[in-house]
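Have a look at the structure below before the remarks.
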Amino acid sequence: MNICVIGTGYVGLVTGTVFAELGNEVVCVDNVAEKIENLNRRKLPIYEPGLQELVERNHNEGRLKFSTDAKSAVEFSEIIFICVGTPSSDSGETDLSAVEAVAKLIAKHMNGYKIVVNKSTVPVGTGDLVRNIINKHCVDGHKFDVVSNPEFLREGQAVNDALNPDRIIIGASEKQVAYRLLELYSSLQAPMIITDVYSAEIIKYASNSFLAMKISFINAVADLCEMVGADVEDVANGVGRDPRIGVDFLNSGLGFGGSCFPKDVKSLLHTSGKLGYDFNLLKNVLEINEGRVDRFTSLIRRRFPDMKGKTFAVLGLAFKPNTDDMRDAKSVEVINDLLKGGAVIRAFDPVAMPAAQKVLPSITYCQTAYEACNGADALLLITEWREFKLLNLEKIKQTMKNPVIFDGRNMYNPERKKRLGFEYFGLGRKFSNHMPEKGK
Ligand code: UGA
């Protein structure tokens with residue numbers, strides 16, 4: 001099939017590339033010329049494992065093209081995916097101006113029947129909005145359908161998620177339209193669920209909000225564990241073994257960041273409010289999450305009451321492992337808080353340092369985790385990259401000023417670290433230095 005993907009951010013680039021990989025003719029369009037020039041030179045704007053090879057192969061074989069020419073791309077395609085950004089304002093409301101602009105663009109260049117697909121995360125009712133805009137601006141009266149096909153890929157695993165989705169949701173007003181879109185996915189093994197447009201739109205927000213709720217829930221339990229001297233990792237393991245709950249997304253620590261969960265929970269809260277429903281549960285999810293950094297930095301403050309001149313080695317800057325994405329990264333909040341106290345920061349992240357330099361210009365970037373820890377008063381684990389789990393901490397201990405670990409992701413085993421001679425501080429972990437000695 002001939003496909004056009006408008007917006008070459010995370011979702012658009014991965015979606016377009018994977019559709020090309022599945023044998024379709026794909027044109028990815030963006031209005032940022034530099035981005036398109038770079039993509040045509042196979043220089044990707046993001047770090048995503050496996051994506052570079054896939055882009056190169058499909059681009060070489062001519063199935064994947066990058067262009068700023070929206071007119072030709074729309075004319076060429078039967079199916080047009082809207083994959084532009086949908087940031088949120090301070091009130092939580094989703095800014096749909098990019099979606100609106102794309103809808104106008106599609107209307108202007110339509111030359112026949114088109115299926116217009118919302119893949120960006122958009123609030124319920126956006127399908128109607130896109131349909132109304134196209135109706136208003138399409139002078140030639142061409143037929144079209146607007147479908148919702150939300151994306152569930154995770155950064156860091158996006159290619160795998162797109163090729164092996166756990167479900168495909170198509171929200172369409174006509175079954176035949178949904179079936180046409182499903183043809184695109186026919187070679188993938190995944191449950192395919194057809195709904196109306198509103199339900200599909202809500203599925204995306206409800207999914208992300210539920211996952212965010214799981215994280216805040218376990219973080220609240222972590223606080224409780226601290227009060228009694230229990231271990232939140234053991235509790236999460238025991239709770240998660242119930243298949244109705246599941247062990248995934250019960251990792252406690254600094255809480256959720258990134259470009260999706262904080263924005264999507266706020267957006268669902270905002271939409272609910274507009275509809276007259278007070279979704280208090282989601283307010284709590286956000287409140288718990290927003291308190292996590294403070295809880296972590298308070299531990300550091302208690303151990304180092306005078307931070308002036310203290311050197312902290314920060315391991316991990318990206319909002320989560322396997323990405324260079326710094327959007328809503330907890331590292332920024334933690335570091336800015338410590339800098340205010342006069343601390344010196346030596347940081348290392350395997351891939352996110354170039355992106356981090358833009359938001360954290362005044363810290364020292366190191367070539368390795370070992371270099372960051374050299375002479376440090378404490379090690380702060382902020383993003384749980386696997387390589388940090390494999391570090392030789394005995395070697396690190398020799399070079400640190402004080403052997404102290406603050407584990408923001410509960411990645412290390414507190415008992416083992418203490419046996420190595422470290423002071424260990426985790427969040428809700430038994431054997432943490434600040435925990436009561438109960439529950440032994
Ligand atoms: C999330 C969803 O997982 C995807 O399904 C969805 O498609 C995507 O948003 C989106 O809406 O586009 P993503 O933001 O890439 O994906 O990252 P996650 O892996 O979900 O992690 C989000 C945040 O939660 C991270 O800050 C992570 O550190 C945190 N987290 C995750 C925890 O604190 N604990 C956990 O147990 C899991």
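Working from label points 7 Å from Cα in the Cα-to-Cβ sense, the PHE152 to GLN357 distance is 3.9 nm. For segment 222-289, the pair-distance distribution built from all alpha carbon pairs, in bins 10 Å wide starting at 0, is 18, 36, 34, 12, 1 percent. Counting only alpha carbon atoms, the long axis of helix 126-137 and the longest principal axis of the chain meet at about 40°. Per-residue extension of 0.36 nm, minus the Cα-Cα distance of THR368 and ILE46, leaves a gain of 113.8 nm for this segment.
Here the spin labels are modelled as points 7 Å beyond Cα on the Cα-Cβ line, and at TYR198 and ASP140 they lie 3.4 nm apart.
Going from the fewest other Cβ atoms within 10 Å to the most, the residues CYS83, CYS366, CYS225 appear in the order CYS366, CYS225, CYS83. With a cut-off of 13 Å between beta carbons, the residues surrounding LEU211 carry a summed charge of +1, where Lys and Arg count +1 and Asp and Glu -1.
Listing GLU371, GLU34 from fewest to most neighbouring C-beta atoms within 10 Å gives GLU34, GLU371.
By how many degrees, 0 to 90 and rounded to 10, does the Cα axis of helix 51-60 deviate from the longest principal axis of the chain? Orientation of helix 51-60: about 30 degrees from the principal axis. Looking at segment 2-195 alone, DSSP beta bridges between its own residues are antiparallel in about 5 percent of cases.
Taking the three principal axes of the alpha carbon atoms in segment 3-80, the coordinate ranges are 32, 27, 20 Å, sorted in descending order. All other residues whose Cβ lies under 10 angstrom from that of THR126 are scored, Lys and Arg at +1 and Asp and Glu at -1, for a net of -2.
Using the Karplus relation 6.51 cos²θ - 1.76 cosθ + 1.60 with θ = phi - 60°, the per-residue 3J(HN,Hα) values for segment 106-114 come to 4, 4, 5, 9, 5, 10, x, 5, 9 Hz, with x marking Gly and Pro.
Spherically averaged projected area of the convex hull of Cα atoms, the chain: 22.1 nm². Among beta bridges identified by DSSP and lying wholly in the chain, the antiparallel ones come to about 5 percent. Within the same chain, lysines fewer than 8 places from LYS310 are excluded, and of the rest, those with a Cα less than 23 Å from its Cα are LYS330, LYS340, LYS395, LYS397, LYS401, LYS417, LYS418. Rounded if a/c is under 1.5, else prolate if a/b is larger than b/c, else oblate: which is segment 2-195, with a ≥ b ≥ c the root eigenvalues of its Cα gyration tensor? Rounded, because the longest to shortest axis ratio a/c is under 1.5. Based on C-alpha pairs under 8 angstrom that are at least 6 apart in sequence, the chain has a relative contact order of 12 percent. Between the helical axis of 197-228 and the longest alpha-carbon principal axis of the chain there is an angle of about 0 degrees. In the elastic network of the chain, a GNM with C-alpha springs shorter than 10 Å, the most mobile of LEU338, LEU391, LEU268 is LEU391. Near GLU423: Cβ cut-off under 9 Å, other residues only, Lys/Arg at +1 and Asp/Glu at -1. The net charge is +3. Residues GLU56, GLU151, arranged from fewest to most other Cβ atoms within 10 angstrom of their Cβ, appear as GLU56, GLU151. With 0.36 nm allotted per residue and the present C-alpha distance subtracted, the ASN280-GLN398 stretch has 37.6 nm of extension available.
Calculated on C-alpha atoms, the gyration radius of segment 270-379 divided by its Kirkwood radius gives an Rg/Rh of 1.08. A Förster radius of 45 Å, combined with the Cβ-Cβ distance separating THR68 from ASN237, puts the computed FRET efficiency at roughly 0.35.
Every read-out reported here was derived from the displayed coordinates using simple, explicitly stated rules and does not represent laboratory data. Keep in mind that what you see is a predicted model, and the values were worked out from it rather than measured. With ideal geometry, Cβ positions are generated from the backbone for all residues, glycine too; neighbour counts draw on all protein chains shown.
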